[in-house]
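Inspection log for the structure reproduced underneath, given as structure tokens.
The values are calculated or read from the model by the stated rules, or taken from the named source; none is laboratory data. Just so you know, these numbers come straight off a predicted model, no measurement behind them. Virtual Cβ from ideal backbone geometry, glycine too; neighbours counted across all protein chains shown. Surface areas here come from the heavy atoms of the whole protein model, side chains and all, with no ligands, DNA or RNA. Shrake-Rupley method; radii C 1.70, N 1.55, O 1.52, S 1.80 Å.
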Amino acid sequence: MNLYLRYFDRETLVYNADEAIDFLCSIPEIGMNPSIEADVREYAASDVYYPKRYKVRPRVYFIIIKTEAATMLDFKQKKALRSNLPTGQTDHRDAAVPALSRLNEERQGWYEGVLDFKRVVMIPATGKHEYRDTRFVARCKAVSGQDCYNRIVEHLRDRVDGRSQFPSAKGKNFKFKYLGMWK
């Protein structure tokens, strides 16, 4: 397991804890001490794979990330990502790809779209406006999930305050399902 270390614009990819400590010692602002050295060695030897950050002074940190990348280029291109999933399970990013491709898949019929958006409403007591989370569910004729989204947003734009905020069709705040062919 290799270690990626970064402190502002200084970064390196090292192959063991000793090299990591040598890199940290080369940066005077960090103020390397036996406590930090022991902590870096413990992190490198542990089974923990989440990134670790160390406080240098208020709001200033350096980070260490465990990686299986052999070179800095591999690390930057995310070629050696570690999967914590048991074999046979797929990553949630792989599951999201078909959902995005389904969005533009043409299939004429009835769709049910659910849109969660920020609606601007006036508070009668004060006369001021505020954003409220609002869920809008509609059934409409469409040729794709994207068309369903466009029809819902077009319908709402004429009926709510112009400052209301609509999410992207690709985001988690829009869901749709195909109900069947129209007659």
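Give just the number: which of (1) of a type in the set (A, V, I, L, M); (2) more than 19 Å from the chain's Cα centre (by Cα); (3) at pLDDT 85 or above does Val48 not satisfy? Only one criterion in (1) of a type in the set (A, V, I, L, M); (2) more than 19 Å from the chain's Cα centre (by Cα); (3) at pLDDT 85 or above is unmet by Val48, namely (3).
The lone criterion from (1) part of a strand (DSSP E or B); (2) open to solvent by less than 30 Å² (accessible area, probe 1.4 Å) left unmet by Leu103 is number (1).
Identify the residue in segment 106-150 that is under 20 Å from Gly171 (Cα atoms), open to solvent by 30 Å² or more (accessible area, probe 1.4 Å) and assigned to a loop (DSSP other than H, G, I, E, B) and, among all such residues, is modelled with the highest pLDDT. Only one residue tops the list, namely Val143. Looking only at segment 1-43, residues that are assigned to a helix (DSSP H, G or I), farther than 13 Å from Val56 by Cβ and among the β-branched types (Val, Ile, Thr) come to 2 in all.
How many of the residues making up segment 32-45 are open to solvent by 80 Å² or more (accessible area, probe 1.4 Å), of a type outside the set (Gly, Ala, Ser) and more than 15 Å from Lys66 (Cβ to Cβ)? First the steps, then the outcome.
To start, the set of residues in segment 32-45 that are open to solvent by 80 Å² or more (accessible area, probe 1.4 Å) comprises 34-35, 41-42, 45.
When the remaining residues are screened for being of a type outside the set (Gly, Ala, Ser), the result is 34, 41-42.
If we keep only those that are more than 15 Å from Lys66 (Cβ to Cβ) as well, we get 34.
Summing the residues that are open to solvent by 80 Å² or more (accessible area, probe 1.4 Å), of a type outside the set (Gly, Ala, Ser) and more than 15 Å from Lys66 (Cβ to Cβ) in segment 32-45 gives 1.
Checked against (1) open to solvent by 90 Å² or more (accessible area, probe 1.4 Å); (2) over 16 Å from Phe8 (Cα atoms); (3) not polar (S, T, N, Q), Lys55 passes all but a single condition, namely (2).
The set of residues in segment 163-183 being open to solvent by 30 Å² or more (accessible area, probe 1.4 Å) and in contact with a strand residue (DSSP E or B) (Cβ under 8 Å, 6 or more places away or on another chain) consists of Arg163, Gln165, Phe166, Ser168, Asn173, Lys175, Phe176, Lys177, Tyr178, Leu179, Met181, Trp182.
When segment 151-183 is limited to residues that are of a type in the set (Phe, Trp, Tyr) and at pLDDT below 90, the one that is nearest to Glu106 (Cα to Cα) turns out to be Tyr178.
Residues checked against (1) open to solvent by 50 Å² or more (accessible area, probe 1.4 Å); (2) touching a strand residue (DSSP E or B) at 6+ places or on another chain (Cβ under 6 Å); (3) closer than 18 Å to Met72 by Cα; (4) free of Cβ contacts under 8 Å to residues at least 40 places away in the same chain:
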{"site": "Asn2", "(1), (2), (3), (4)": "no, yes, yes, no"}
{"site": "Arg6", "(1), (2), (3), (4)": "yes, yes, yes, no"}
{"site": "Asp9", "(1), (2), (3), (4)": "yes, no, yes, yes"}
{"site": "Val14", "(1), (2), (3), (4)": "no, yes, yes, yes"}
{"site": "Phe23", "(1), (2), (3), (4)": "no, yes, yes, yes"}
{"site": "Ile30", "(1), (2), (3), (4)": "no, yes, no, yes"}
{"site": "Asp47", "(1), (2), (3), (4)": "yes, no, no, yes"}
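Within segment 58-78, can you find the residues that are in a loop (DSSP other than H, G, I, E, B) and surrounded by 15 or more Cβ atoms within 10 Å (Cβ to Cβ)? Walk me through it before giving the result.
Kept after step one, since they are in a loop (DSSP other than H, G, I, E, B), are these residues of segment 58-78: 58-59, 68-71, 77-78.
If the condition is that a residue be in a loop (DSSP other than H, G, I, E, B) and surrounded by 15 or more Cβ atoms within 10 Å (Cβ to Cβ), then Ala69 is the only one that fits.
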